[in-house]
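> Below is one structure. I have some questions about it.
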Amino acid sequence: VTLGQSYDIKVTDRSLVAAPKNYHSVCGLANPSMPEYIVYRNAQALPYILITYTA
């Protein structure tokens, strides 16, 4: 995942549908011990490797 410039937010804001202007992602800090990183563009989260299991 590519975060770029991350916007820190300390309260839940369910109205966000994109990172604020001049930011690429959002870091939710409602629980400081468990930060949540949110990206809104699919191109920021691309699989790096594919692992296939067979039985």
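Each reported figure results from applying straightforward, stated rules to the coordinates on display, with no laboratory input. The structure displayed is predicted, hence computed values, not measured ones. Neighbour counts are summed over all protein chains in view; Cβ atoms, including those assigned to glycine, are modelled from backbone coordinates with ideal geometry.
> May I ask you to compute the full-extension gain from N22 to K10, defined as 0.36 nm times their residue separation minus their alpha-carbon distance, rounded to one decimal in nm?
Result: 2.5 nm gained on full extension.
> I'd like the antiparallel share, as a percent to the nearest 5, of DSSP beta bridges with both residues in the chain.
Beta bridges within the chain, antiparallel portion: roughly 50 percent.
> If you don't mind, there's one more thing I want to ask. Just flag the trypsin sites (Lys or Arg not before Pro) in the chain sitting in loop per DSSP whose Cβ has no more than 11 other Cβ atoms within 10 Å.
Sparse-neighbourhood loop trypsin sites (Lys or Arg not before Pro): K10, R14, K21.
> When only alpha-carbon atoms are used, what values of Rg and Dmax, in angstrom, describe the chain?
When restricted to the Cα atoms of the chain, Rg and Dmax are 14.2, 48 Å.
> Defining a contact as two alpha carbons under 8 Å apart and six or more residues distant in sequence, what relative contact order in percent does the chain show?
Numbers: 73 pairs, mean separation 18.6, N = 55.
Over the chain, the number comes to 34 percent.
> For the chain, which longest stretch is free of loop sites, where a loop site is one of the chymotrypsin sites (Phe, Trp or Tyr not before Pro) that DSSP puts outside H, G, I, E and B and that has at most 14 other Cβ atoms within 10 Å?
By the stated rule (loop sites, at most 14 other Cβ atoms within 10 Å), 1-39.
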